[in-house]
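Engineer: Sharing a structure here in structure tokens format.
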Amino acid sequence: MLSFTECERKLQSSLSIERYIHTMGVVKEAKKMALKYGVDEKKAAMAALLHDCAKDYPADMKRRFCKEFHVDVDEIMLETIDLTHAFLGAEVARREYGVEDEEILSAIKYHTTGKPDMTLMEKIIFISDYIEEGRKKFDTLEESRRLAYEDIDKAMAFILKNTIEYVKERKRTLHPLSVEAYEYYKKYEEE
């Protein structure tokens, strides 16, 4: 596996400036959350660094690499091609950055859709991506940030619920994994 610094250098050339700034914000947040929840800080930082490594690929390249790398994507992801970036990103992290740690790869893979019963590492990357300091303000951002450090499972329920509402309001395609994740985490919602 490449070192964090080597990965960062290589990643810079494949991301837009905005995406790189966002990524470094996610790294900072993931390290803080890892400390709070007793997760390996270096692993969290690496997963955060590479979470969007395939995000800025053009749509045709995403489709080609998904096919070429045998990335397990479904019809919904192929229709809404941007959804493939997380699943494809895990494979790019493995092939291009030498990541072999399944915990890191899984956190990259599920950082967008979520899934039921996520590991602490997966939750940290999912939430860090949502609440990092560079995010433009939106109605539920401060509450998401508060919950992230108060109760990680309540934060998951809150963020998933708001993401689902956001996607539905914009009449975009909602991935079933996000719905399944919310069904799992809604038991933690505050009454």
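Engineer: Yes or no: Arg95 of a type in the set (Lys, Arg), free of Cβ contacts under 8 Å to residues at least 40 places away in the same chain and closer than 19 Å to Leu11 by Cβ?
Structural biologist: Yes: the conditions hold for Arg95.
Engineer: Okay, moving on. Read through the list (1) part of a helix (DSSP H, G or I); (2) surrounded by fewer than 19 Cβ atoms within 10 Å (Cβ to Cβ); (3) in contact with an Asp or Glu (Cβ under 6 Å, 6 or more places away or on another chain), then give the number of the only condition that Pro116 fails.
Structural biologist: Tallying (1) part of a helix (DSSP H, G or I); (2) surrounded by fewer than 19 Cβ atoms within 10 Å (Cβ to Cβ); (3) in contact with an Asp or Glu (Cβ under 6 Å, 6 or more places away or on another chain), Pro116 fails exactly one: (1).
Engineer: Considering only residues that are basic (Lys, Arg), in contact with a helix residue (DSSP H, G or I) (Cβ under 8 Å, 6 or more places away or on another chain) and without any contact (Cβ under 8 Å) to a residue 60 or more places away in the chain, which ones fall in the stretch 40-89? Talk me through it step by step, then tell me what you get.
Structural biologist: Taking the stretch 40-89 and keeping what is basic (Lys, Arg), we get 42-43, 55, 62-64, 67.
Checking which are in contact with a helix residue (DSSP H, G or I) (Cβ under 8 Å, 6 or more places away or on another chain) leaves us with 42-43, 55, 62-63.
Within the stretch 40-89, Lys42, Lys55, Lys62, Arg63 qualify.
Engineer: Scan the stretch 25-40 and tell me whether some residue there is farther than 20 Å from Glu133 by Cα, assigned to a helix (DSSP H, G or I) and over 18 Å from the mean Cα position of the chain (by Cα).
Structural biologist: So in the stretch 25-40, the residues farther than 20 Å from Glu133 by Cα come out as 38-40.
Remaining after also requiring assigned to a helix (DSSP H, G or I): none.
There is no residue in the stretch 25-40 that is farther than 20 Å from Glu133 by Cα, assigned to a helix (DSSP H, G or I) and over 18 Å from the mean Cα position of the chain (by Cα).
Engineer: Of everything in the stretch 131-175, what is assigned to a loop (DSSP other than H, G, I, E, B), among the polar types (S, T, N, Q) and within 24 Å of Thr119 (Cα to Cα)? Give them in sequence order. It would help to see each step written out before you state the result.
Structural biologist: Here is the first cut: in the stretch 131-175, the ones assigned to a loop (DSSP other than H, G, I, E, B) are 132-140, 151, 170-175.
Restricting the remaining residues to those that are among the polar types (S, T, N, Q) gives 140, 173.
Matches in the stretch 131-175: Thr140 only.
Engineer: Still on this model: For the structure I just gave you, tell me whether Ala54 is small (Gly, Ala, Ser), under 16 Å from Leu11 (Cα atoms), modelled with pLDDT of 95 or more and surrounded by 20 or more Cβ atoms within 10 Å (Cβ to Cβ). Don't jump to the end; show me each part of the working.
Structural biologist: On the way: small (Gly, Ala, Ser): yes; under 16 Å from Leu11 (Cα atoms): yes; modelled with pLDDT of 95 or more: yes; surrounded by 20 or more Cβ atoms within 10 Å (Cβ to Cβ): yes.
Criteria met by Ala54.
Engineer: Moving on. Conditions first: (1) closer than 20 Å to Val39 by Cβ; (2) modelled with pLDDT under 95. Ile159 passes all but one, so which condition is the exception?
Structural biologist: Result: Ile159 fails condition (2) only.
Engineer: If you don't mind, another one. Please enumerate the residues belonging to the stretch 55-85 that are more than 26 Å from Met1 (Cα to Cα), β-branched (Val, Ile, Thr) and part of a helix (DSSP H, G or I).
Structural biologist: Ile76, Ile81
Engineer: Let me ask another. I need the full set of residues from the stretch 128-164 which are β-branched (Val, Ile, Thr) and out of contact with any Asp or Glu (no Cβ under 8 Å at 6 or more places or on another chain), in order please.
Structural biologist: Thr140, Ile152, Ile159, Thr163, Ile164
Engineer: Restricting the search to the stretch 86-112, which residues are of a type in the set (D, E, K, R), over 14 Å from Ala45 (Cα atoms) and in a helix (DSSP H, G or I)?
Structural biologist: Glu91, Arg94, Arg95, Glu96, Glu102, Lys109
The values are calculated or read from the model by the stated rules, or taken from the named source; none is laboratory data. Remember, predicted model here, so these are calculated numbers, not experimental data. Positions of Cβ are backbone-derived with ideal geometry, glycine not excepted, and every protein chain shown enters the neighbour counts.
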